[in-house]
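Peer 1: Here it is: the structure, laid out below.
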Amino acid sequence: MRALFMAVMALGFSCSVCAQVAELPSAADLQTLSCLQRGTSKLRYPERDLQLRSPGAVRLSLRFTAPDQRPEVAVLYRAASDAMVEEVEWHVRDYRLPCLSGAPVTAVQEFVFTPRATDPITWTPLRPTRDRDDTEQRMSCLRTPKEHPEFSGGMLQRDITNIFVDLQFSAPDAPPSVKLAYSNAGASQEGSVRDYVAQYRMPCLPSGAKPAVMRQHFQFRPYGVAKRVFKDAIALPAFLSNVKGIREQRATFDFNTMGCPFQVAWSLGKPKLDNRVGQIGKPDPNRTEFLVWLGGLEMDLKEAHFEQLVGQTLIVNVGCGKLELGG
């Protein structure tokens, strides 16, 4: 792991807001798709393709605009016959989201045709893609106290302690609701952080608007303790070499279909929090399944190193070509 970070001197207190870089959807976004109804139509392998033993792959974008209407469908990528594409498009036209309310939801789904296989037609779960919202713009008007929360060095139970809080703003002149997402700190430090963030206000939040949410990371270190951070950027193979259980992973991705080369921002969270994954630059929905897979990986770290690096963001350079694991 030493190749992934460098040591720098830092003050005893550090606080950073997790960056919003075209991130993957949250748990709330995933919940929106939990009521998906697929209809009764079954996918069939086109007879001609089956006779020729032709494989195929189709990636779709599905936009749901109403609970009782079929999704708007766009083909993002195809390496399949016209018959395969038509079969997939006919199948998803029966999809419905009866619990959909509010803004439209867009998702990506992939279908793979493999002749002479136990399961000749496979597909991924429906993966929602996050539309850009005005949360980042609202963050520019966030009002915070001038002073950092007070704490005593004697309160520290470890060399480094971390506190992650989730904040939800529902009114421009009211304090946010606060939820502790993860902490290895003591009750006194947690109380100091809660009292501190209770002073936050978001005056530009329109009355009656959808609540604005954010996560903030507080890290407490004794004076003189060096801060460890990831290097600016590493190649995907180097990143994967530091992933726990990477030899047991089974995955296949063709980056040539994803607008390669590209960069991914990967923020360490597991095993205590969800990792945060985002695209740098212009987002491409063709990368959705790959980003979801990256988000589920856990870095092979000892507990002390984890506490030093949790919340830090690593830039991963993804080149062109294919990734095949466990094949």
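Coordinate-derived values only; no laboratory data. Just so it is clear, the structure is predicted and the values come from calculations on it, not from any experiment. All Cβ positions, glycine included, derive from the backbone under ideal geometry; neighbour counts span all protein chains shown.
Peer 1: Could you tell me which chymotrypsin sites (Phe, Trp or Tyr not before Pro) in region 211-307 are loop residues by DSSP with no more than 16 other beta carbons within 10 angstrom of their beta carbon?
Peer 2: Y223
Peer 1: Which loop-located trypsin sites (Lys or Arg not before Pro) does region 61-114 contain, where loop means any DSSP state but H, G, I, E or B and the Cβ has at most 16 other Cβ atoms within 10 Å?
Peer 2: Details: sites: R63, R78, R93, R96; in loops: R93.
For trypsin sites (Lys or Arg not before Pro) across region 61-114 that sit outside H, G, I, E and B with at most 16 neighbouring Cβ atoms in 10 Å, the list reads R93.
Peer 1: What ratio of Cα Rg to 2.2 N^0.38 Å holds for region 187-272?
Peer 2: Against the compact-globule rule of thumb, the ratio is 1.67.
Peer 1: Through the Karplus equation 6.51 cos²θ - 1.76 cosθ + 1.60, θ set to phi - 60°, convert the phi angles of region 211-225 into ³J(HN,Hα) values in whole Hz; use x for Gly and Pro.
Peer 2: x, 9, 10, 8, 10, 10, 10, 10, 10, 10, 9, x, 4, x, 7
Peer 1: Roughly how far apart, in whole Å, are the Cα centres of region 184-261 and region 291-310?
Peer 2: 10 Å
Peer 1: Also: What is the P(r) of region 212-327, as percent of Cα-Cα pairs per 10 Å bin from 0?
Peer 2: Histogram of Cα-Cα distances, whole percents per bin: 12, 44, 31, 11, 2.
Peer 1: Apply the Karplus parameterisation 6.51 cos²θ - 1.76 cosθ + 1.60, with θ equal to phi minus 60°, to every residue of region 194-209 and state each ³J(HN,Hα) to the nearest whole Hz, in sequence, with x for glycine and proline.
Peer 2: 4, 5, 5, 6, 5, 8, 5, 9, 10, x, 8, 6, x, 5, x, 6
Peer 1: With an 8 Å Cα cut-off and a minimum separation of 6 or more residues, compute the relative contact order for region 29-129 in percent.
Peer 2: 36 percent.
Peer 1: Then there is this: Roughly what percent of Cα-Cα pairs across region 23-116 reach past 22 Å?
Peer 2: Working: 1490 of 4371 pairs.
Distances greater than 22 Å cover 34 percent of the Cα pairs.
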